[in-house]
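**Student:** Supplied in structure tokens, the structure appears directly below.
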Ligand code: ADP
């Protein structure tokens with residue numbers, strides 16, 4: 001399966017862009033969605049979290065208290081490490097499963113921390129949704145129920161704009177109006193269809209095992 005990595009900081013427009021690729025019938029594996037489900041009620045990961053922190057990590061209905069946990073790991077780097085060690089292998093396993101199960105001409109792996117978490121190794125190409133930090137802050141504040149301070153904390157742990165640009169093969173500039181996106185996506189989609197098709201042809205002509213003599 002030919003995999004396009006889609007990345008960009010919080011509020012850059014990844015979901016908006018991946019929805020447009022989905023309009024072209026391209027399947028999207030979303031690392032954020034997987035990360036949320038990995039700690040759903042009844043999962044081994046949530047049991048491990050509540051064993052470590054007790055009921056304070058849970059809401060009354062037994063689901064994860066995400067706000068509490070977010071604050072915990074922002075203030076205690078060791079706890080963040082513990083949580084990453086617990087969840088990252090599970091998230092990777094799910095990502096691989098979903099990528100393998102996809103049956104569109106190519107598949108998108110969307111992850112805000114694609115570069116930071118070395119998920120680029122699953123990708124044949126990386127597309128960055130790029131916006132200024134000012135736009136990121138404004139759109140995230142408008143969308144989410146978070147404080148300006150929390151946004152600064154999130155921005156501080158994400159790669160810088162320059163680091164992301166260095167890892168990207170293609171860039172969508174999303175500082176402009178939202179209706180500027182569809183034509184850019186349509187053009188890139190045609191290009192990716194060609195790349196995926198030619199990668200499949202090359203693979204067919206290069207069998208994994210050399211023929212026996
Ligand atoms: P991400 O998935 O990268 O966090 P989203 O796609 O959710 O980002 O976009 C963040 C917010 O900005 C959403 O509310 C979205 O509707 C809005 N948005 C995305 N692109 C634009 C744009 N070009 N102009 C204005 N608002 C936009």
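Rundown of residues vs (1) at pLDDT below 95; (2) over 28 Å from residue 26 (Cα atoms), yes/no style:
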position: 145; (1), (2): yes, yes
position: 156; (1), (2): yes, yes
position: 169; (1), (2): no, no
position: 174; (1), (2): no, no
position: 181; (1), (2): no, no
position: 184; (1), (2): no, no
position: 197; (1), (2): no, no
position: 202; (1), (2): yes, no
position: 209; (1), (2): yes, yes
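**Student:** Inspect all residues belonging to region 178-197 and state whether any of them is within 16 Å of the ligand (Cβ to nearest atom) and not in a helix (DSSP H, G or I).
**Tutor:** no
**Student:** On to the next question. Out of curiosity, is residue 82 buried (at least 18 other Cβ atoms within 10 Å of the Cβ) and farther than 25 Å from residue 136 by Cβ? Give the steps one after another, and end with the answer.
**Tutor:** Details: buried (at least 18 other Cβ atoms within 10 Å of the Cβ): no; farther than 25 Å from residue 136 by Cβ: yes.
It is false that residue 82 is buried (at least 18 other Cβ atoms within 10 Å of the Cβ) and farther than 25 Å from residue 136 by Cβ.
**Student:** May I pose another question? So which residues in region 42-64 are in a loop (DSSP other than H, G, I, E, B) and either within 22 Å of the chain's Cα centre (by Cα) or in the same structural domain as residue 181 (by TED's automatic domain parsing) (or both)?
**Tutor:** Here is the first cut: in region 42-64, the residues in a loop (DSSP other than H, G, I, E, B) are 42-43, 59-63.
Within region 42-64, just 43 meets the criteria.
**Student:** Within region 28-48, track down each residue that is surrounded by fewer than 18 Cβ atoms within 10 Å (Cβ to Cβ), touching a residue at least 12 places away in the same chain (Cβ under 8 Å) and either closer than 25 Å to residue 179 by Cβ or within 12 Å of the ligand (Cβ to nearest atom) (or both).
**Tutor:** Scanning region 28-48 gives a single hit, 32.
**Student:** Restricted to region 1-27, and to residues that are assigned to a helix (DSSP H, G or I) and touching a strand residue (DSSP E or B) at 6+ places or on another chain (Cβ under 7 Å), which residue is nearest to the ligand (Cβ to nearest atom)? Before you say what the answer is, go through the steps one by one.
**Tutor:** Within region 1-27, the first condition is being assigned to a helix (DSSP H, G or I), and the residues that meet it are 14-22.
Keeping just the survivors that are touching a strand residue (DSSP E or B) at 6+ places or on another chain (Cβ under 7 Å) gives 14, 17-18, 21-22.
On the way: 14: 3, 17: 7, 18: 8, 21: 12, 22: 12 Å.
Once the filter is applied, the top-ranked residue is 14.
**Student:** Still on this model: Which numbered condition in (1) under 26 Å from residue 143 (Cα atoms); (2) out of contact with any strand residue (DSSP E or B) (no Cβ under 8 Å at 6 or more places or on another chain); (3) in a loop (DSSP other than H, G, I, E, B); (4) more than 16 Å from the ligand (Cβ to nearest atom) is the only one that residue 105 fails?
**Tutor:** (1)
**Student:** Same structure again: Please go through region 125-153 and give me each residue that is more than 13 Å from the ligand (Cβ to nearest atom), crowded, with 17+ Cβ neighbours inside 10 Å and not in a helix (DSSP H, G or I), ordered by number.
**Tutor:** 125, 126
The values are calculated or read from the model by the stated rules, or taken from the named source; none is laboratory data. Remember, predicted model here, so these are calculated numbers, not experimental data. Because the Cβ atoms are built from the backbone with ideal geometry, glycine has one as well, and the counts that use them run over all protein chains shown.
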